[in-house]
Structure formats: structure tokens, C-alpha cells
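The values are calculated or read from the model by the stated rules, or taken from the named source; none is laboratory data. Since we're looking at a predicted model, the values are computed, not measured. Here the Cβ positions follow ideal geometry from the backbone for every residue, glycine too, while neighbour counts run over all protein chains shown.
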Amino acid sequence: MPFEIMSNQIIFLGSGGSVIGSIEVVCGPMFSGKTEELIRRVRRAQIARQKIQIFKPSIDNRYHESDVVSHNSLSIEAIPVKTAIEILYRVFDSTRVVAIDEVQFFDSMILKVVAKLAKRGIRVICAGLDQDYKGMPFGPMAELLAIADSVDKVQAVCTLCGAQATKTCRISKELTDQVIVGEADIYEARCRSHFDYYDEEEDFFQHAFPFLERWQQDKISRMNQNP
Ligand code: ADP
Ligand code: MG
């Protein structure tokens with residue numbers, strides 16, 4: 001692949017000589033090492049002397065108002081923003097890498113923002129929860145995974161059995177909002193067999209019942225036609 005060295009940075013170029021940007025997503029449940037991995041990629045870009053900017057949604061102030069902090073206390077300075085569009089305004093022309101943590105908390109405008117940055121030739125690294133506490137796609141994540149150039153799903157350790165955990169369980173069943181920022185006091189990483197979302201069965205039968213009923217009626221009428 002052709003490349004050019006611009007102010008100490010190696011920029012990869014497409015066949016037409018244009019700079020190629022990219023969208024990378026690191027996703028998984030809580031405690032799976034998403035922030036750790038984001039920080040690792042940021043540090044490598046810093047070693048390569050690439051200009052990098054890190055963003056996080058201001059709603060996530062669990063450990064620090066501005067820094068991105070992992071559960072094992074790695075940290076890196078970041079810019080807290082209220083909305084996705086604010087990221088576009090804050091990225092400098094000279095920035096080569098943009099990292100965004102807790103990307104699931106942004107509105108759907110984040111999809112346009114990351115696509116626009118990548119089109120400008122920027123490497124965009126996003127980390128976020130792929131699923132909410134009900135095991136459903138979290139905010140813009142399903143679409144973000146679809147438009148990404150690379151996706152890494154990382155796993156935590158199930159707090160009940162030690163298996164690979166792909167789900168985040170909300171321990172308190174009274175709290176029902178999708179977004180409740182919390183820590184190990186509210187959430188636990190769980191494997192599929194220990195993720196007992198309490199409404200799951202009710203939900204299934206609510207959806208399946210009309211189909212089962214129709215299938216039963218069809219069967220009876222067929223039997224009446226061909227006794
Ligand atoms: P995430 O951003 O995905 O929530 P972090 O990168 O902040 O995860 O933290 C990952 C770290 O959390 C691990 O390296 C480990 O030290 C710690 N940890 C705490 N509970 C668990 C767990 N159940 N499974 C795996 N790691 C855990
Ligand atoms: Mg994190």
C-alpha cells in the first residue's frame with residue numbers, strides 16, 4: 001500500500017492518493033477490558049507520534065469527570081462531550097486518530113460523525129457495550145458494528161461460574177431504565193447460561209402465542225377437511 005510521511009506520521013494512501021480512514025469497534029459486556037484495549041491502541045498511536053484526541057460522553061463520570069479510566073485503574077485524559085455532533089466540532093485538522101469510549105451512550109448521530117471522520121482520513125477507535133442489561137443492542141451499537149471496518153468482541157469472566165462472559169447482568173431488578181450508570185454494585189458480567197433476564201420468558205410467549213394459536217387452528221381445520 002502506498003504511504004507518505006507527513007510531519008513524522010505515516011499516512012496510508014488509497015490508489016488515488018487519498019488518505020484512508022477507518023472505523024474500529026471494541027465491544028463486549030462490562031468488565032471485559034474494552035477501555036483497557038482502547039487505552040492500549042491509543043498508547044501505540046502516541047508512540048507512533050500520531051496526533052490523537054480522546055472523547056467520552058459526559059454522562060459517564062463514574063471515576064473521573066474527564067479522564068477515561070478502566071476497572072484496573074489505567075487512565076488517559078479525554079474530552080467529555082454532551083452530544084455526538086460536538087465531537088465533529090472539536091476534532092482538529094491535524095488529528096489522525098480519534099478514540100471514543102462508552103460510545104453506546106451517544107445518540108444515533110454518532111454513526112454520521114464517525115463515518116464523516118473516517119472519510120476525512122481519520123482512524124476512529126470506538127469502545128462500548130454491545131448489549132444492555134436485557135441483552136438487547138445498546139443505543140446505536142448494532143448499526144455502528146454494521147458500518148465498522150473492524151469489530152473485536154471481548155469477553156469478561158462470569159462472576160458465577162468463571163466461564164467467558166458476554167452479558168451484563170443488572171443485579172437490582174427494581175431499576176428498569178436502559179441507561180443507569182453504575183459499577184460492580186449494580187452490574188455483574190455473566191455467561192449466557194447465568195444471564196437470567198427475568199422478563200425473557202414472558203416476552204417470548206407474548207410474541208409466540210398468536211403464532212401458536214394460528215398454527216393450532218390451521219391444524220384443526222386441515223384435520224376437519226381430511227378426516
Ligand atoms: P470495560 O471497559 O469493558 O468495562 P475495563 O477495561 O474497564 O473493562 O476493565 C477490565 C478489567 O476489569 C480487567 O482487566 C480486570 O482487572 C477487571 N475485572 C473486574 N471484574 C471482572 C470480570 N468479571 N471479568 C473480567 N475482568 C474483570
Ligand atoms: Mg469501559
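Just for the stretch 40-62: of the residues that are assigned to a helix (DSSP H, G or I) and not polar (S, T, N, Q), which one is surrounded by the fewest Cβ atoms within 10 Å (Cβ to Cβ)?
In the first step, residues of the stretch 40-62 are kept if they are assigned to a helix (DSSP H, G or I); the result is 40-47.
Checking the rest, the ones that are also not polar (S, T, N, Q) come to 40-45, 47.
Details: Arg40: 14, Arg41: 17, Val42: 21, Arg43: 13, Arg44: 11, Ala45: 18, Ile47: 8.
By that ranking, first place goes to Ile47.
Kindly establish whether Thr159 is more than 18 Å from Gly21 (Cβ to Cβ), over 11 Å from the mean Cα position of the chain (by Cα) and within 16 Å of ligand 2 (Cβ to nearest atom). First the steps, then the outcome.
Values: more than 18 Å from Gly21 (Cβ to Cβ): yes; over 11 Å from the mean Cα position of the chain (by Cα): yes; within 16 Å of ligand 2 (Cβ to nearest atom): no.
For Thr159, the condition - more than 18 Å from Gly21 (Cβ to Cβ), over 11 Å from the mean Cα position of the chain (by Cα) and within 16 Å of ligand 2 (Cβ to nearest atom) - is not met.
Considering only residues of the stretch 138-153 that are surrounded by fewer than 17 Cβ atoms within 10 Å (Cβ to Cβ) and not basic (Lys, Arg), which is nearest to Val114 (Cα to Cα)?
Only one residue fits best here, namely Ile147.
Within the stretch 65-119, how many residues are over 25 Å from Ile180 (Cβ atoms), surrounded by fewer than 20 Cβ atoms within 10 Å (Cβ to Cβ), away from ligand 2 (no atom under 16 Å from the Cβ) and of a type in the set (D, E, K, R)?
Qualifying residue count for the region: 5.
Name the one entry in Glu37, Glu24 that is modelled with pLDDT of 80 or more and assigned to a helix (DSSP H, G or I).
None of the others qualify; the one that does is Glu37.
Pick from the stretch 123-156 the residues that are aliphatic (A, V, I, L, M) and closer than 16 Å to Ala84 by Cα: which of them is nearest to ligand 2 (Cβ to nearest atom)? Outline the logic, then answer.
The first filter runs over the stretch 123-156 and keeps only residues aliphatic (A, V, I, L, M), leaving 124-125, 127, 129, 136, 141-142, 144-148, 151, 154, 156.
After this cut, where a residue has to be closer than 16 Å to Ala84 by Cα as well, the list is 124-125, 127, 141, 144.
Numbers: Val124: 17, Ile125: 13, Ala127: 6, Met141: 14, Leu144: 16 Å.
It comes out as Ala127.
State yes or no: is Ala208 within 16 Å of ligand 1 (Cβ to nearest atom), over 19 Å from Phe106 (Cβ atoms), at pLDDT 75 or above and of a type in the set (A, V, I, L, M, F, W, C)?
It is false that Ala208 is within 16 Å of ligand 1 (Cβ to nearest atom), over 19 Å from Phe106 (Cβ atoms), at pLDDT 75 or above and of a type in the set (A, V, I, L, M, F, W, C).
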